[in-house]
Amino acid sequence: MLRLRPFRLETFKVFCRHASKTGGGKPVDSNALAQLEEGYKKLVASNSKSLLKKHLKKDIFDNLKKKTTPSFNSSLLDCIQSGLCNHDSGVGIYAPDAEAYKTFADLFDPIIEDYHGGFKKTDKHPESCFGQGKDFANLDPNNKYIVSTRVRCGRSVKNFPFNPCLSEFEYAELECMISGALNTMSGQYKGGYLPLCGMEKSVQQKLIDEHFLFKEGDRFLETAGASRFWPIGRGIYFNEARNFLVWVNEEDHIRIISMEKGGDLGKVYDRMLGGVEALGKYLQFSRDQRLGYLTFCPTNLGTTIRASVHIKLPNLTANPEEMQKLATKYNLQVRGTSGEHTEAKGGVHDISNKRRMGLTEYEAVKEMYDGIRALIDAENKVCK
Ligand SMILES: Nc1ncnc2c1ncn2[C@@H]1O[C@H](COP(=O)(O)OP(=O)(O)OP(=O)(O)O)[C@@H](O)[C@H]1O
Ligand SMILES: NC(=[NH2+])NCCC[C@H](N)C(=O)O
């Protein structure tokens, strides 16, 4: 087992702040309040299609604008700054610390319900049930459509807040804990950790282009306060075969990723699952009774699973309305070739399950599996 965390002044200060609270955080300072009012006015006047704009009604805004979270004093501005700065956000809100999901529940709950296909504020996320990859046959045995398959999940380490509330010291501490746990991995998971600090720019860019590494300078994350002290504490772990990866301190503390060429979803899923189990022996993850595994972005709560294929469907690509209709029918999300907020290049789309809450891990992957099969069937029908 890893050694116990040493005594830290930072943690002690947080503890004291927490212990001295008698409910409710510190009042929001007048500067933040003025920024909020201004930003809200602009959002309302904009043609933003974000879930933030849709659900931040005036009464909710007025009711939440002066609140802060008990332990970290995170404000509404801390939650919605990204959506206020980026009117092209699809969602536009993040939780600076786990308590934000409760303090600002009047806004998070309807957004969660909308994104995750009806997970109501009275609903409870089910217990984890991963099932087994053997139920998912190769989606494209003749290698006709699928370029590659990837399954990822996110984890937050217990007792640490999310990005905007982490100190520089905590970034380094988290990196040390997570890479320490990763370095114990054996068998097919054996590999090495590469910190972003000191990584050559050309190496970094190559890893991004190969779809292994997270990109840098994501404006949605930056304006959410998630890029402080960059690149301190950030990095990537690879196994020797480069089909198992772990991202450290990007959007979430941990992203566990399994990926390979072709359409063997079952194999990719099992590999991710084994990695999650192995890491779970060394690290404790934050889980909420109602929301499931806790993540920085509400779109990732619950199972945190995104199972995706890079796929070429020329006929459906030529008919984007039909493609979107099918994606909506099967609860799928269509992204561009380099991930979120990018365009499809060479006809390659990234298609994945959209919802992650209110269903088990197995069901989330099954949803993607059934949807991709339906899209391939539809593509084949047009061919005939
Ligand atoms: N099936 C896949 N095959 C190869 N690469 C993939 C696949 N799915 C996603 N990727 C790549 O993974 C990288 C990260 O993508 P992206 O940021 O959209 O998703 P994510 O890591 O699941 O996280 P988030 O949803 O938080 O953005 C990108 O380079 C993207 O192209
Ligand atoms: N990586 C994510 N958390 N994606 C979901 C939302 C991303 C961004 N905040 C938006 O609203 O468009």
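The values are calculated or read from the model by the stated rules, or taken from the named source; none is laboratory data. Because the structure is predicted, anything quoted here is derived from the model rather than measured. Cβ placement follows ideal geometry from the backbone for every residue including glycine, while neighbour counts extend to all protein chains displayed.
The table below gives the values:
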quantity	calculated
Residue among 346, 339 that is out of contact with any helix residue (DSSP H, G or I) (no Cβ under 9 Å at 6 or more places or on another chain) and either closer than 30 Å to residue 105 by Cβ or within 15 Å of ligand 2 (Cβ to nearest atom) (or both)	339
Looking only at region 171-227, and only at residues there that are small (Gly, Ala, Ser) and under 21 Å from residue 279 (Cβ atoms), the one that is surrounded by the most Cβ atoms within 10 Å (Cβ to Cβ)	181
Unmet criterion (only one of (1) within 16 Å of ligand 2 (Cβ to nearest atom); (2) touching a residue at least 60 places away in the same chain (Cβ under 8 Å)) for residue 362	(1)
Among the candidates 232, 256, 236, residue that is at pLDDT 95 or above, at negative phi and within 16 Å of ligand 2 (Cβ to nearest atom)	256
Residue ID - surrounded by the most Cβ atoms within 10 Å (Cβ to Cβ), chosen from residues in region 228-266 that are within 15 Å of the chain's Cα centre (by Cα) and not in a strand (DSSP E or B)	253
Any hit, region 310-323, residues being touching a Lys or Arg at 6+ places or on another chain (Cβ under 7 Å), surrounded by 21 or more Cβ atoms within 10 Å (Cβ to Cβ), at pLDDT 95 or above and of a type outside the set (S, T, N, Q)	no
Top-ranked residue of region 104-131 - restricted to ones that are outside any loop (DSSP other than H, G, I, E, B) and surrounded by fewer than 17 Cβ atoms within 10 Å (Cβ to Cβ), ranked as farthest from the chain's Cα centre (by Cα)	105
Residue that is surrounded by the fewest Cβ atoms within 10 Å (Cβ to Cβ), among those in region 67-93 that are away from ligand 2 (no atom under 11 Å from the Cβ) and of a type in the set (S, T, N, Q)	71
Any hit, region 350-360, residues being crowded, with 17+ Cβ neighbours inside 10 Å, of a type in the set (Asp, Glu), part of a helix (DSSP H, G or I) and under 17 Å from the mean Cα position of the chain (by Cα)	no
